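Supplied in structure tokens, the structure appears directly below.
The values are calculated or read from the model by the stated rules, or taken from the named source; none is laboratory data. These numbers were taken from a predicted model, which means no experiment stands behind them. All Cβ positions, even for glycine, are placed from backbone atoms using ideal geometry, and neighbour counts span all protein chains on display.
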Amino acid sequence: MKLKVQFSFILFVAFLWTSSSYAQENVDLEMMYKIKTEGTRNSQIQDLAFHLTDLMGPRLSGSTNLRRARQWTADKFQEWGLQNVKIDSYGEFGRGWDVKKSYIAMKTPYYAPLIGYPKAWTEGTNGLVSSEVVLVDIQSESDFEKYKDKLSGKVVMLPTTLSTSPAFSPEARRLTDEDLENRKEITINAATGARYTPAQLQQMRDQRALDQKVNEFLMEEGIAMKLSGTRGNFGTVFHTRAGSYSTAKNKTLPEMEIALEHFGRIERLLKNGQTVNLEAEIEVEWLDDDYKGYNVLAEIPGTDKTLKPELVLLGAHLDSWHAGTGANDNAAGVVVMMEAIRILKTLDVQPRRTIRIALWGEEEQGLFGSRGYVQKYVGDRQTQEKKAEWDKISAYYNVDNGSGKIRGIYLEGNDQLIPVFEKWFEPFHEMGAKTITRRNTGSTDHVAFDAVGVPGFQFIQDPIDYGRGYHTNMDLYERMQQGDMTQAAIIVAAMVYNTAQRDLKLPRKPWGK
């Protein structure tokens, strides 16, 4: 009985502490009104989205278009009157690569244009290729001999294991109330052992080794081009890379990936004894003048004498893949963050802490920009060395899940923030944003900050058609939900403002020695 009373007392004290913390969070509702009004009546979302997608084009890491986008965003920040605008190098990235020409069509048994794009960081074709297509089926090294001295100047394709599936589900989807409730649930799974058995791991290693030998063999044979299928339906091409941005400059095969339906047609024709001829040309340019990677930074300086050195960061990654214009991944996030800081600057807010926007480079190749920034200014996740900005950053806010509405926020396990964010989200419940979950979400730039103990957050967003469209040739302006982006920019601006005005930095999870 005594133990039960003690436990009840502990729960009561915890309740009082939580309630007290919640009550102490002040929200300037007049400023919330101003942010909503500026964001809805004077939104620049449409114009920013046009410039970053249609006008800037694809923004592959290290490419000319990414360089143009960096300069354009920096110029826009200058135009808005932000301070300390700079294109800041975080260190080395590697080689840039531009597509100058890409063309492919089937010539026989009849003419048909094909949907296809060069794989990133691969070589060009050295002019127009007009060639028979050869289906090369190599299951072991013993199969090399039957293709020896027969492939020079040919277009080669390997059998695919990919297949299409009926599109039964609707393309666009919003999160339901049940979905949002499920986001709050944390499931703890018992250890279930390794994901793969030793035999499966060895099989994968063997297959990778064979794939490498196949590519080396095809290069030695002097093929004109390699043709690959890719996942996706209805002509959507999920584009990838086959070469490397490494400064080692290793040679690669010219390789184009085409829509799976087009790949399947050619493969079936060949398997049924028909001759297929293709015409194709790939022209690329390698950029070896600057191997550095860069982020774009700009600020609204703080005004409080004590808190001005502290920082509130908001950001998104500026790079994309190369066949579409990276509309939802991640021009949408960049536009939302740019609009959020524009709203605050237009309202002439006088933040107590400094507000800094960061547009990251080279996220798609492994969070290069954000991790480079953190390594340079914040902390080393390996040695746990704390650097100059480690104890100055109150929070980092990120958007990188498409252009859908913000529905809430992931706390990355930081329970202390529940009463804070619940209060901050209250003015936006009618906009559909109210879910606060302790759960983690990964694979984007907030991870770099969370890894060194700095509060980093990604928002819960409606997926709409994000999962079907990002990293594809159809990730274009038309797929952006600009009304939703307006809502998102308003909420981000409010979150950043509240963080900048708070008496104390946001509470942190333990980190460091």
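Being crowded, with 24+ Cβ neighbours inside 10 Å and touching a Gly at 6+ places or on another chain (Cβ under 6 Å) is the filter here, so list the residues in region 338-353 that pass it.
Those that are crowded, with 24+ Cβ neighbours inside 10 Å and touching a Gly at 6+ places or on another chain (Cβ under 6 Å): Ile343, Arg353.
Of the conditions (1) surrounded by 14 or more Cβ atoms within 10 Å (Cβ to Cβ); (2) over 19 Å from Ala489 (Cβ atoms), Asp54 clears all except one; give me its number.
(1)
Please identify the pairs in which a residue from region 199-214 that is closer than 21 Å to Val136 by Cα has its Cβ atom under 9 Å from the Cβ atom of a residue that is loosely packed, with under 11 Cβ neighbours inside 10 Å, counting only partners at least 6 apart or on another chain.
Leu210/Gln139; Leu210/Ser140
For the condition more than 24 Å from Ala259 (Cα to Cα), hydrophobic (A, V, I, L, M, F, W, C), at pLDDT below 75 and over 25 Å from the mean Cα position of the chain (by Cα), what is the one hit in Ala194, Ala199?
Criteria check complete, one pass: Ala194.
If the requirement is being under 27 Å from the mean Cα position of the chain (by Cα) and within 27 Å of Glu141 (Cβ to Cβ), which of these qualifies: Gly243, Gly232, Gly222?
On the way: Gly232 fails: within 27 Å of Glu141 (Cβ to Cβ); Gly222 fails: under 27 Å from the mean Cα position of the chain (by Cα).
Every option except Gly243 fails the conditions.
Further question on the same structure: Does region 24-78 hold any residues that are among the acidic types (Asp, Glu), assigned to a helix (DSSP H, G or I) and more than 14 Å from Leu347 (Cβ to Cβ), and which are they?
Residues of region 24-78 among the acidic types (Asp, Glu): 25, 28, 30, 38, 47, 54, 75.
If we keep only those that are assigned to a helix (DSSP H, G or I) as well, we get 30, 38, 47, 54, 75.
Asp47, Asp54, Asp75 - these are the residues of region 24-78 that are among the acidic types (Asp, Glu), assigned to a helix (DSSP H, G or I) and more than 14 Å from Leu347 (Cβ to Cβ).
To continue, here is another question. Would you please list the contacts, defined by Cβ atoms under 7 Å and residues six or more apart or on different chains, that run from a residue in region 249-273 that is free of Cβ contacts under 8 Å to residues at least 12 places away in the same chain to a residue that is polar (S, T, N, Q)?
The qualifying pairs are Asn250/Ser244.
Would you please name the residue that is surrounded by the fewest Cβ atoms within 10 Å (Cβ to Cβ), looking only at residues in region 85-137 that are among the hydroxyl-bearing types (Ser, Thr, Tyr) and outside any strand (DSSP E or B)? Talk me through it step by step, then tell me what you get.
Of all residues in region 85-137, those among the hydroxyl-bearing types (Ser, Thr, Tyr) come to 89-90, 102-103, 108, 110-111, 117, 122, 125, 130-131.
Checking the rest, the ones that are also outside any strand (DSSP E or B) come to 110-111, 122, 125.
Working: Tyr110: 6, Tyr111: 9, Thr122: 24, Thr125: 24.
The residue in question is Tyr110.
Cβ-Cβ distance below 6 Å, separation of 6 or more or different chains: which pairs start in region 457-478 with a residue that is not assigned by TED's automatic domain parsing to the domain that holds Phe238 and end on one that is part of a loop (DSSP other than H, G, I, E, B) and of a type in the set (Phe, Trp, Tyr)?
Between residues of region 457-478 that are not assigned by TED's automatic domain parsing to the domain that holds Phe238 and residues that are part of a loop (DSSP other than H, G, I, E, B) and of a type in the set (Phe, Trp, Tyr), the close pairs are His471/Trp321.
From the list Lys150, Lys107, exactly one residue is charged (D, E, K, R), outside the structural domain of Leu297 (by TED's automatic domain parsing) and in contact with an Asp or Glu (Cβ under 7 Å, 6 or more places away or on another chain). Which is it? Spell out how you get there, then give the answer.
On the way: Lys150 fails: in contact with an Asp or Glu (Cβ under 7 Å, 6 or more places away or on another chain).
Being charged (D, E, K, R), outside the structural domain of Leu297 (by TED's automatic domain parsing) and in contact with an Asp or Glu (Cβ under 7 Å, 6 or more places away or on another chain) holds for just one of Lys150, Lys107, which is Lys107.
Does at least one position in region 206-217 carry a residue that is of a type in the set (Gly, Ala, Ser), more than 25 Å from Asp475 (Cα to Cα) and either modelled with pLDDT of 80 or more or not assigned by TED's automatic domain parsing to the domain that holds Glu362 (or both)?
Yes, that holds for at least one residue.
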